[in-house]
Amino acid sequence: MASRTQVPLPISISDPEATVYIVPHIGPTPIPTTTSPKATFSFNVEKVKTNLILRSKWAELNGAMGDLGTYIPIVLALTLARDLNLGTTLIFTGIYNILTGAIYGVPMPVQPMKSIAAVALADPSFSIPEIMASGILTGGVLLVLGATGLMQLVYKFIPLCVVRGIQLAQGLSFALTAVKYVRKIQDLPKSKSLEARPWVGFDGLVLAIVCVCFIVIVNGAGDKDRGSCGCDHDHDGNSDEVVEIEGKKNICKVRKLIFSLPSAFLVFVLGVVLAFVRRPMVVHEIKFGPSSIEVVKISRHAWKQGFIKGTIPQLPLSILNSVIAVCKLSSDLFPGKDFSATSLSVTVGLMNLIGGWFGAMPACHGAGGLAGQYKFGGRSGGCVAILGGAKLVLGFVLGSSLAHILNQFPVAILGVLLLFAGIELAMTCRDMNTKEDSFVMLICAAVSLVGSSAALGFLCGIIIYVILKYMEYLDDKRARPFSTKITAELTRWTLRRKLKGSA
């Protein structure tokens with residue numbers, strides 16, 4: 001018998017350290033071969049380069065601004081109220097931005113932990129040691145959940161409608177906070193709203209309305225084909241038709257130019273300019289050079305208070321919004337890139353286990369930040385790498401003195417950026433097509449908003465979902481014997497008809 005040789009098909013290897021088996025049609029037992037360390041290193045370098053490639057320079061730069069509506073108010077408030085080391089926070093979060101962009105290849109955000117920040121701003125006794133202790137402990141728990149695979153297990157069993165409820169609540173919360181920033185003058189260090197914002201001025205309502213209209217004109221509702229005119233058809237040589245088509249093409253060029261403007265970036269630059277215009281003397285308060293990075297001394301009392309007041313309320317929010325919701329939103333916005341809940345949990349854990357000891361604000365990922373950066377054009381890891389590079393430059397050059405500039409930044413403009421980030425996150429919930437899923441999602445969102453707790457909303461959503469599924473199971477169980485009886489009777493009737501016909 002003539003031997004046959006089977007040509008192996010090309011194999012796509014997603015894991016550079018995976019073992020590759022070459023299996024012929026016949027012959028001895030295949031011998032495993034592993035990729036060499038040199039090939040692995042080359043593969044990883046190429047993957048990092050691919051992840052950091054900018055899809056569109058202006059769009060990616062614009063997308064980098066989408067997360068600042070959340071980042072600046074929280075970090076600035078903690079810097080002014082609790083003496084947070086802004087320079088250290090900028091340096092570490094900048095490094096996190098660059099690394100997460102290189103690892104994931106999407107605009108993965110790095111945001112302050114909101115629950116810990118809220119406790120720190122509300123409780124004067126919750127100072128820097130307690131803040132860092134709560135961040136380190138939260139990071140440790142998330143690292144353990146990720147390393148043991150428990151986070152991935154949780155992600156698989158949580159219903160999509162419950163995740164959508166958490167996303168809807170977070171998106172609406174951002175939008176409501178944004179409206180509050182626009183309508184009322186804010187005391188960020190005390191996290192309080194003061195009197196109504198004046199209509200005119202460098203931080204007035206008119207400025208905010210103009211910025212909103214500008215972003216809507218440029219970005220619309222996020223349509224993919226925005227700016228296309230459909231005027232690229234041929235003409236038959238008629239001079240009048242040629243003039244008309246040329247005029248349409250010129251209009252199309254203007255439309256494409258307007259729709260390609262980096263709206264969020266221009267709005268942010270406007271805010272920086274107005275910060276200097278509002279208080280020109282702020283230039284003299286700037287000190288060049290990085291802030292001193294020191295190891296934070298954490299007492300036993302600080303560990304205890306940090307865990308009770310900071311870690312316990314932050315953990316549900318981090319698990320649900322920083323890992324589960326981000327994992328689901330990433331698969332929705334970037335179908336070709338699947339991230340495991342394990343990897344996200346591990347990266348959040350490592351960020352806080354490292355930076356917390358040096359006074360960097362506890363940080364995590366966030367579905368709102370990802371939605372905001374996607375809304376304004378972020379499509380690659382290069383988007384957040386740009387933001388990370390800017391943070392590093394500001395952290396090393398200006399340090400904590402940057403707080404004097406940010407304190408003059410128009411809060412109404414921050415509200416505008418936060419508004420679009422919240423709306424984009426809430427819009428991801430439009431795929432709930434059945435009444436049952438929409439019901440669970442809305443219950444979860446309503447409880448999360450009114451109770452100000454994602455954990456409470458999640459618990460109610462799970463309970464309602466289990467009750468509905470159990471009722472559906474009982475209905476099916478009751479209907480099954482009846483349907484079985486009907487089927488049996490129909491079968492007998494058909495057989496009788498056939499017997500009579502044959503007779």
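The values are calculated or read from the model by the stated rules, or taken from the named source; none is laboratory data. Owing to the predicted nature of the structure, the values given are computational and were not obtained by experimental measurement. Please note: Cβ atoms are built from the backbone with ideal geometry, for glycine as well, and neighbour counts cover all protein chains shown. Heads up: the accessible areas ignore ligands, DNA and RNA and are worked out on the full protein's heavy atoms, side chains in. Shrake-Rupley method; radii C 1.70, N 1.55, O 1.52, S 1.80 Å.
Rounded, prolate or oblate, given the Cα gyration tensor of region 334-389, with a/c below 1.5 counting as rounded?
oblate
Work out how much length PHE396 to GLU472 would gain on full extension: take 0.36 nm times their residue separation and subtract the Cα-Cα distance, in nm to one decimal.
Numbers: separation 76, 0.36 × 76 = 27.36 nm, distance 5.98 nm.
That pair, PHE396 and GLU472, stretches by 21.4 nm at full extension.
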- Task: Give, in nm to one decimal, the length gained when the segment between LYS156 and LYS190 is fully stretched (0.36 nm per residue of separation minus the Cα-Cα distance).
- Result: 8.3 nm
- Mind grabbing the accessible area of ARG82 for me, 1.4 Å probe, Å², rounded to tens? 40 Å²
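Can you give the Kirkwood hydrodynamic radius for region 67-186, in Å, rounded to one decimal and based on Cα pairs? It would help to have the intermediate numbers written out before the result.
Numbers: mean 1/r = 0.0599 Å⁻¹.
Kirkwood radius, region 67-186: 16.7 Å.
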- region 295-416: C-alpha gyration tensor shape, a/c 1.5 cut-off, then a/b vs b/c: oblate
- Message: Rounded to whole Å, give me the distance from the Cα center of region 128-175 to that of region 62-78.
- Response: 20 Å
- What accessible area per residue comes out for region 54-134, rounded to a whole number of Å², with a 1.4 Å probe? 27 Å²
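Can you bin region 121-231 into rounded, prolate or oblate? Criterion: square roots of the alpha carbon gyration tensor eigenvalues sorted a ≥ b ≥ c, rounded for a/c under 1.5, prolate for a/b above b/c, oblate for the rest.
Details: a/c = 2.92, a/b = 1.25, b/c = 2.34.
Oblate, because a/c is 1.5 or more while a/b does not exceed b/c.
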- Query: Once you charge only the Cβ atoms, +1 for Lys and Arg and -1 for Asp and Glu, what is the size of the charge dipole of region 277-346 about its Cα centre, to the nearest 20 debye?
  - Reply: 360 debye
- Message: Before I look further, what does region 304-459 give for accessible area per residue, probe 1.4 Å, in whole square angstrom?
- Response: 33 Å²
- Task: Report, to the nearest whole %, how much of the accessible area of region 357-455 belongs to carbon and sulfur atoms, 1.4 Å probe, protein only.
- Result: 69 percent
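Just reorder MET471, MET432 by solvent-accessible area, largest first, 1.4 Å probe, all chains present.
On the way: MET471 100, MET432 25 Å².
These residues rank, largest area first, as MET471, MET432.
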- Cα extents of region 58-113 per principal axis, largest first, Å, are 35, 19, 18
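Set the bar at 26 Å for Cα to Cα. Now go through LYS180/LYS287; LYS337/LYS469; LYS47/LYS391; LYS57/LYS249; LYS309/LYS337 and name every pair that lies beyond it.
Details: LYS180/LYS287 33 Å; LYS337/LYS469 31 Å; LYS47/LYS391 24 Å; LYS57/LYS249 24 Å; LYS309/LYS337 36 Å.
From the list (LYS180/LYS287; LYS337/LYS469; LYS47/LYS391; LYS57/LYS249; LYS309/LYS337), the Cα-Cα distance tops 26 Å for LYS180/LYS287; LYS337/LYS469; LYS309/LYS337.
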- Quote the accessible area belonging to PHE307 in square angstrom, nearest 10, computed with a 1.4 Å probe and with ligands, DNA and RNA left uncounted. 90 Å²
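How long are the three semi-axes of the equivalent ellipsoid for region 354-502, computed from the Cα gyration tensor as the root of 5 times each eigenvalue, in whole Å, largest first? Display every interim value, and only then the final one.
Values: eigenvalues 693, 71, 44 Å².
So the three semi-axes of region 354-502 are 59, 19, 15 Å.
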